[in-house]
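Take a look at the structure below.
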There are 2 protein chains.
Amino acid sequence: MNKQFSVAIVGATGLVGKTMLAVLHARRFPVSQLVLFAESDGVADTPFGTLPVLALSQANVYRNPCDLALFAVSSEISIAYAQIFATMGTVVIDNSSAWRMDDSVPLVIPEVNPASAFLHNGIVANPNCTTIQILTAVAPLYRKFGIDRMIVSTYQSVSGAGAMGLCELESGIDGFFEKPIKNNLLPKIDSYIDGGYTGEELKIINETHKILSTQIRVSATCVRVPITRCHGASVNLRLRASATLGEVSQALREAPSVTVGDIPTPYDCVGGDGVTVGRLRRDESEANCFNMWIVADNLRKGAATNAVQIAELLIR
Amino acid sequence: MNKQFSVAIVGATGLVGKTMLAVLHARRFPVSQLVLFAESDGVADTPFGTLPVLALSQANVYRNPCDLALFAVSSEISIAYAQIFATMGTVVIDNSSAWRMDDSVPLVIPEVNPASAFLHNGIVANPNCTTIQILTAVAPLYRKFGIDRMIVSTYQSVSGAGAMGLCELESGIDGFFEKPIKNNLLPKIDSYIDGGYTGEELKIINETHKILSTQIRVSATCVRVPITRCHGASVNLRLRASATLGEVSQALREAPSVTVGDIPTPYDCVGGDGVTVGRLRRDESEANCFNMWIVADNLRKGAATNAVQIAELLIR
């Protein structure tokens, strides 16, 4: 009999937590027991049946030891609880930004830097949604041709801001986002941090450096758009080596979890576990430059799927 | 008494035609007589009162000579009719793409290249909506610092595709766009032309070259987004001269029709006649590079307002 694992979902009733349950079930993760944590006690209908939900508290964590814990909570809650799980021997896979830039915490995209996952000290960080989808496509090009510079403009759905973001778009009742999002574009995601850049933009830059272990030159502009699910990214790459369009396309086609399409849209990609690249073409304005459009489901590959893939890697 | 002018609006019942009437009225253009043309006879409620609408035909054009004709019709209709008006001595200001790249037709943004408007042979072309809003902001930087390269990603509203585009977004009934636009992003505007680029993308490149009279290096990715009105553009510029952030900001603030804001959105800019630039910051990934976000109302500055400004220039 194959080994099975007890798995905690911390933040089990949120958008990402629910998607983690769906992905664990769809990918037949070998679960012996599920422990669901949320803000308060209750029950949840899941693909594994109706399950009790426990209020997240130190006592409840101690009473329910697990092999793995998938965290889909805010940075604040992750900071308060991740090490409590870790000291019990549970391996935490955390979707918040709390631990991503911590030198003792690996930041992992299983298709890109799987080996680093095993260097954990109890916590493994899931990258930012846009970083995941961009690097899943771009890392194979980095390996094959080198990347000199990357300029990114994102088109990010409201579900990236959680259930409240989705609710604001669907209801049209403003107040959660800084400006209305229904019938609008919001060219600022997260707070300003440094040099006029937002947290979201710096995540793409800094997480790319950490995951690829290189100070590749990156600039990013992140924009929230009024769609419910999936993020798009318009990416301009300058390669180090010269490459034909066919060679770049071929490298993308051979990349794990990457599909090359023509005009992939969120509508086509919702519910998928991979990343789709379209509109691939030379940028004739400069040597060795290419434009592409990258779409993925931000709740799946951009969050839950990547976390479950890390879990799959760790139990192999 | 100041001179007044007879003005024909060709395509008076479409989104841009109606906006031309609103802008003529709002800017107190000295109109002696308005002649409205559309597909068929009728009446139209306009800011100038209820007016007859004439079916566009050669006979109706001959019967109603005008000083100026503002065209808000397809390229096909423009090709069929613009020279009929021009041979009668009417100056045509055309919003289609039919004449833009014709060497004998000036392509004009009044804030950028006003002198060229007077070199017409009866037809003046209004640039593409995104070209207008980007160059209104960027041309002053080109003049002051030089531009070495410009990389653009657009976020374009459905009204750029006309009333049918608006109708599809508002009704949710698909079929007009190549893929659904409601709750979706469509990374292709116009047909493919060359090298994997769409007509819309090549317009930005080619029209920029013509308007600035320079082969400045440009690359563009154009994406339709599910908003009704205003286009956004994420623009990365590499200047030829070094400049501080303050100098670039100052040059934008001094530019005619440009407002510098922080996070301008379509919601803030709808109905406006200018262009708003926000999120201005250094791109630290390369020397002399800056990122900015440019928003304008595509039906006003991107179409009707620019056409009326050309008319104002010609009658001065």
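What follows draws every value from the coordinates through simple rules; no lab data is involved. In this text, all values refer to a predicted model and were calculated from it rather than measured experimentally. FYI the Cβ positions are ideal-geometry reconstructions off the backbone, even for glycines, and counts take in every protein chain you see.
What the table shows:
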read-out: Only Lys, Arg (+1) and Asp, Glu (-1) charged, at Cβ; chain A dipole about Cα centre in debye; value: 640
read-out: Estimated vicinal HN-Hα couplings, Hz - the stretch B:213-222 in sequence order (Karplus 6.51, -1.76, 1.60; Gly, Pro = x); value: 6, 7, 8, 3, 7, 9, 9, 9, 10, 10
read-out: Cβ nearest the rotation axis (A onto B), residue from chain A and distance to the nearest whole Å; value: A:Ser153, 2
read-out: All-pairs alpha carbon distance profile, the stretch A:226-300, 10 Å steps from 0, percent; value: 20, 48, 25, 7
read-out: Under 5 Å, built H, 5+ apart or other chain: amide partners of B:Leu299; value: B:Cys230
read-out: All-pairs Cα distance distribution in the stretch A:1-59, expressed in whole percent, bin size 10 Å; value: 23, 56, 19, 2
read-out: Amide H contacts of B:Val91 (H built 1.01 Å from N, under 5 Å, at least 5 apart or other chain); value: B:Leu68, B:Ala69
read-out: Top of B:Asp102, B:Asp194, B:Asp148 by mean-square fluctuation, Gaussian network on chain B, Cα under 10 Å; value: B:Asp194
read-out: Ratio Rg/Rh, restricted to the stretch A:155-250 and using Cα atoms, in which Rh is the Kirkwood radius; value: 1.07
read-out: Orientation-averaged projected area, Cα convex hull of the stretch A:59-110 (nm²); value: 3.8
read-out: Inter-copy spacing of B:His25 label points, which lie 7 Å from Cα along Cα→Cβ, given in nm from shortest upward; value: 5.7
read-out: Links that overshoot a 23 Å alpha carbon limit, given the list B:Lys3/B:Lys301; B:Lys210/B:Lys301; A:Lys203/B:Lys203; A:Lys182/B:Lys179; value: B:Lys3/B:Lys301; A:Lys203/B:Lys203
read-out: Qualifying aspartates and glutamates (Cα of each under 13 Å from Cα of A:Lys144; at least 8 residues distant if same chain); value: A:Glu247, A:Glu254
read-out: Vicinal HN-Hα couplings computed from phi for the stretch B:168-174 (Karplus, 6.51 cos²θ - 1.76 cosθ + 1.60; Hz; Gly/Pro x); value: 5, 5, 6, 8, x, 8, 6
read-out: Inter-part distance where the stretch B:37-65 and the stretch A:120-192 are each reduced to a Cα centre, Å; value: 49
read-out: Coil-residue GluC sites (Glu not before Pro) of the stretch A:12-119, DSSP, other Cβ within 10 Å capped at 13; value: A:Glu39
read-out: Position A:Ile315, label points 7 Å along Cα→Cβ, spacing to each other copy in nm (shortest first, one decimal); value: 7.5
read-out: The protein assembly as shown, Rg to Rh (Cα coordinates; Rh as Kirkwood inverse mean 1/r); value: 1.04
read-out: Partners for B:Lys18 among aspartates and glutamates (Cα-Cα distance below 13 Å; same-chain residues under 8 apart left out); value: B:Asp45
read-out: Estimated Rh, the stretch A:110-165: Kirkwood, alpha-carbon pairs, angstrom; value: 13.6
read-out: Coarse-grained scattering of the stretch A:70-141 at q = 0.14, 0.28 Å⁻¹, given as base-10 log I(q)/I(0) from a Debye sum over alpha-carbon atoms; value: -0.41, -1.31
read-out: Gap separating the Cα centres of the stretch B:248-316 and the stretch A:70-105, nearest whole Å; value: 43
read-out: Convex hull of the stretch A:1-128 built on C-alpha atoms - directionally averaged projected area, nm²; value: 7.9
read-out: Projected-area average for the stretch A:159-316 over all orientations - Cα convex hull basis, square nanometres; value: 11.2
read-out: Gain on full stretching of the segment that runs from A:Leu313 to A:Ala26 - 0.36 nm per residue minus C-alpha separation; value: 101.7 nm
read-out: Long-range amide H partners of B:Ala220 with built H, under 5 Å; value: B:Val152
read-out: Rounded to whole Hz, the Karplus (6.51, -1.76, 1.60) HN-Hα couplings of the stretch B:123-130, x for glycine and proline; value: 10, 10, 9, 8, x, 4, 3, 5
read-out: Zone residues, the stretch A:65-106, relative to A:Asp41, backbone N less than 19 Å from point 7 Å out along Cα-to-Cβ; value: A:65
read-out: Hull volume in cubic angstrom per residue (convex hull over the Cα atoms of the stretch A:132-200); value: 111
read-out: MRE, 222 nm, helices only [DSSP H, n ≥ 4, -39500 (n - 2.57), over chain A, to nearest 500]; value: -9000 deg cm²/dmol
read-out: Length-normalised contact order for chain A - Cα pairs under 8 Å, 6+ apart - percent; value: 18
read-out: Inter-copy spacing of B:Ser213 label points, which lie 7 Å from Cα along Cα→Cβ, given in nm from shortest upward; value: 5.5
read-out: Once the Cα gyration tensor of chain B is diagonalised, semi-axes √(5λ) in Å; value: 32, 22, 18
read-out: Longest to shortest principal axis, alpha-carbon extents of the stretch B:212-268, angstrom; value: 38, 26, 19
read-out: Listed residues B:Ile147, B:Ile123, B:Ile93, most fluctuating in chain B (Gaussian network, C-alpha, under 10 Å); value: B:Ile147
read-out: 26 Å tail of the calculated P(r), the stretch A:87-198, as % of Cα pairs; value: 36
